[in-house]
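Colleague: I'd like to ask some things about the structure below.
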Amino acid sequence: MVLLNCGSSRSAVINGEAPAHTIPNSNKEKTAKNLILMIGDGMGLTQITAGIYDNNNFLNFEKFPVTGLMKTHSYDNLVTDSAAGGTAMACGVKTYNNGIGVDKDGIPVKSILEQAEEKKMMTGIVVTSALVNATPATFMAHQKLRAFTEPIAEEIANSGVDFLVGGGKKYFDRRDSDERNLIKEMESKGYQIEDFIKNRRIEDVSIDSAKRFVYFTADDDPLTKITGRDYLPYASKMGAEFLKSRSENGFFMMIEGSQIDLGGHATNFKYVMSELKDFDQAIKAVLEFAEADGETLVIVTADHETGGLTIKEGSKLKKIKSDFAYGRHSGTMVPVFAYGPGSEKFTGIFDNTELYRKMKAALAL
Ligand code: MG
Ligand code: ZN
């Protein structure tokens, strides 16, 4: 830390100015009205480190005044998948890999998003995967297996989540398991339904009169950042503003940089970096919102690391030499970053199920 923050003692390989970026933490000890949880799927400490150096020695991660470390193991495996990792953070229980919002015996456990809804808070989900993918599903659905994507879509359609952005339209309107059109059903429940065909860019959609809102960004998996996906930062801020303007009792939103993980599975460093920097732009947008709002707690973390990424000797700023151990998840701890009221709880080393309890305490849920 000292080496990077203090100009005089910085190592010679890091050139250029590195001012102190941290935002001062105001309103300590208070509970938060709103909570925005940002999950970088597969985002370990090395992904962030490489991203900072690859981005000329700065990413918005450095602005957070509070940092911690989180253990990610699942009930049955030291190396978690996104289903068990998401369930731990969303529901506060350890489950087996592949379990969605259920405990180790397959029994449904209420998520923090569902508990927020019961307290008449507004809720939102913004992801760069399909909405039925494991990470978002753990906040909205309860299924014994992550592969049950059509039942997950049905649960999402009935979830009452107020702001939804992500892919996976076909699981809602062209289903194999039944003839239902969940999009029509959601429309009748007051959702304004938009998609990438009607409006290629979410920026072109007006939501001023919407009570609830869904924007499908793809039929299945959204594009990668490299092949043209660009909605995450905008949709993150749009979601926060939408939920704030319609909520007296605060809101809970989960934003996922879903494809950092896919870059790791592909052992493709450029893929990882492009997705990580896109996620960082979403962090920037969310921190701007939270700073102006003053009542929003922002948590950034990961479900696990993917790829066993390493930064090798001979690396330079913007010229990282990297290697992956393999195209699978790894069991290393992941970092946690926190800003806003209640953020001081998120320091030290803790379990991913503890993240759930800390978030609930911060919201006084
Ligand atoms: Mg995910
Ligand atoms: Zn993965």
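Colleague: Note down the nm distance, to one decimal, between modelled labels 7 Å out along Cα→Cβ at Glu291 and at Thr347.
Modeller: 2.2 nm
Colleague: Right, another one. What full-extension length gain, to one decimal in nm, is calculated for Glu313 and Lys270 as 0.36 nm per residue of separation minus the Cα-Cα distance? Let's see the in-between values first.
Modeller: Working: separation 43, 0.36 × 43 = 15.48 nm, distance 1.81 nm.
Working it through step by step, the gained length comes to 13.7 nm.
Colleague: Among His304, His265, His142, which one moves the most in a GNM of the chain with springs linking Cα atoms closer than 10 Å?
Modeller: His265
Colleague: Now, a different point. Express the Stokes-Einstein translational diffusion coefficient of region 162-223 in µm² s⁻¹, to the nearest whole number, given a Kirkwood radius over alpha-carbon pairs, 20 °C and a viscosity of 1.002 mPa s. Please report the intermediate quantities before stating the final value.
Modeller: Values: Rh = 12.0 Å.
Answer, rounded: 179 µm²/s.
Colleague: Report, for region 36-363, the % of DSSP beta bridges that are antiparallel, rounded to 5. Write down the numbers at each step before the final one.
Modeller: Working: 16 of 49 bridges.
If we restrict to bridges inside region 36-363, about 35 percent are antiparallel.
Colleague: Also, I was wondering about something else. If the only charges are +1 at each Lys and Arg Cβ and -1 at each Asp and Glu Cβ, what is the size of the charge dipole of the chain around the Cα centre, to the nearest 20 debye?
Modeller: Numbers: 43 positive and 49 negative charges, 134 e Å.
In debye, rounded to 20, the chain gives about 640.
Colleague: So what is the orientation-averaged projected area of region 137-190, using the convex hull of its C-alpha atoms, in nm²? Before the final figure, lay out each step's value.
Modeller: On the way: hull surface 14.9 nm².
For region 137-190, the mean projected area of the Cα convex hull comes to 3.7 nm².
Colleague: Could you tally the net charge around Leu287, taking each other residue with its Cβ under 13 Å from the Cβ of Leu287, Lys/Arg +1 and Asp/Glu -1? Don't skip to the end; give the middle numbers.
Modeller: Values: positive: Lys63, Lys237, Lys284; negative: Glu62, Asp280, Glu288, Glu291, Asp293.
Here the count lands on -2.
Colleague: More than 14 angstrom separation, counting every C-alpha pair in region 55-123; what % is that? Mind dumping the intermediate values first?
Modeller: Numbers: 1512 of 2346 pairs.
The calculated P(r) of region 55-123 puts 64 percent of pairs beyond 14 Å.
Colleague: Which of the lysines could a cross-linker bridge to Lys321, judged by Cα under 16 Å and excluding same-chain residues fewer than eight apart?
Modeller: Lys321 reaches Lys270, Lys312.
Colleague: Quick one: if you take sqrt(5λ) for each eigenvalue of the C-alpha gyration tensor of region 202-311, what semi-axes come out, biggest first, whole angstrom?
Modeller: On the way: eigenvalues 152, 60, 25 Å².
Each semi-axis is √(5λ); the values are 28, 17, 11 Å.
Colleague: Please name whichever of Gly44, Ile226, His329 sits farthest to the positive end of the charge dipole of the chain, dipole taken about the Cα centre and charges placed at Cβ: Lys and Arg +1, Asp and Glu -1.
Modeller: About the Cα centre, the residue reaching furthest to the positive side is Gly44.
Colleague: For q values of 0.13, 0.15 Å⁻¹, compute log₁₀ I(q)/I(0) with the Debye formula on a Cα-only model of the chain, without solvent.
Modeller: The computed values of log10 I(q)/I(0) come out as -0.99, -1.35.
Colleague: For the chain, what is the accessible area per residue in Å² when the probe is 1.4 Å?
Modeller: Numbers: 14790 Å² over 365 residues.
Result: 41 Å² per residue.
Colleague: Which whole-number percent is the relative contact order of the chain (Cα, under 8 Å, 6+ apart)? Walk me through the numbers before you get to the answer.
Modeller: Details: 880 pairs, mean separation 110.6, N = 365.
In percent, rounded to a whole number, it is 30.
Colleague: If exposed means no more than 16 neighbouring beta carbons inside 10 Å and the site is in a DSSP loop, what's the longest run of the chain without any exposed GluC sites (Glu not before Pro)?
Modeller: Values: sites that count: Glu17, Glu29, Glu179, Glu248, Glu295, Glu313.
By the stated rule (loop sites, at most 16 other Cβ atoms within 10 Å), 30-178.
Colleague: Now, a different point. Given a 1.4 Å probe and every protein chain left where it sits, what share in percent of the accessible area of the chain is carbon and sulfur?
Modeller: Values: 7530 of 14790 Å².
The computed percentage sits at 51.
Colleague: Most fluctuating residue of Leu276, Leu78, Leu164 in a GNM of the chain with Cα springs under 10 Å: which is it?
Modeller: Per the Cα network of the chain with a 10 Å cutoff, Leu78 tops the list.
Colleague: Using 0.36 nm per residue of separation minus the Cα-Cα distance, give me the extension gain between Lys104 and Thr31 in nm, one decimal. Let's see the in-between values first.
Modeller: Details: separation 73, 0.36 × 73 = 26.28 nm, distance 3.11 nm.
Contour length minus Cα-Cα distance gives 23.2 nm.
Colleague: Pull out a ≥ b ≥ c, the square roots of the eigenvalues of the alpha-carbon gyration tensor of region 102-186, then state rounded if a/c is under 1.5, prolate if not and a/b is larger than b/c, and oblate in the remaining case.
Modeller: Details: a/c = 1.66, a/b = 1.19, b/c = 1.40.
Taking the square roots of the gyration eigenvalues as a ≥ b ≥ c, region 102-186 is oblate.
Colleague: To the nearest 500 deg cm²/dmol, what mean residue ellipticity at 222 nm is calculated for the chain from DSSP H runs of n ≥ 4 alone, each contributing -39,500 (n - 2.57), summed and divided by the residues?
Modeller: Values: 12 runs with 115 residues, N = 365.
Only helices count here, giving -9000 deg cm²/dmol.
Colleague: Name the residue, out of Thr353, Thr67, Thr22, whose mean-square fluctuation peaks in a Gaussian network model built on the chain with Cα pairs under 10 Å.
Modeller: Thr22
The values are calculated or read from the model by the stated rules, or taken from the named source; none is laboratory data. Everything quoted here is computed from the prediction, not taken from an experiment. Counting neighbours? That spans all protein chains shown, and the Cβs are built from the backbone with ideal geometry, glycine included. These accessible areas exclude ligands, DNA and RNA; they are computed on the full protein's heavy atoms, side chains included. Shrake-Rupley method; radii C 1.70, N 1.55, O 1.52, S 1.80 Å.
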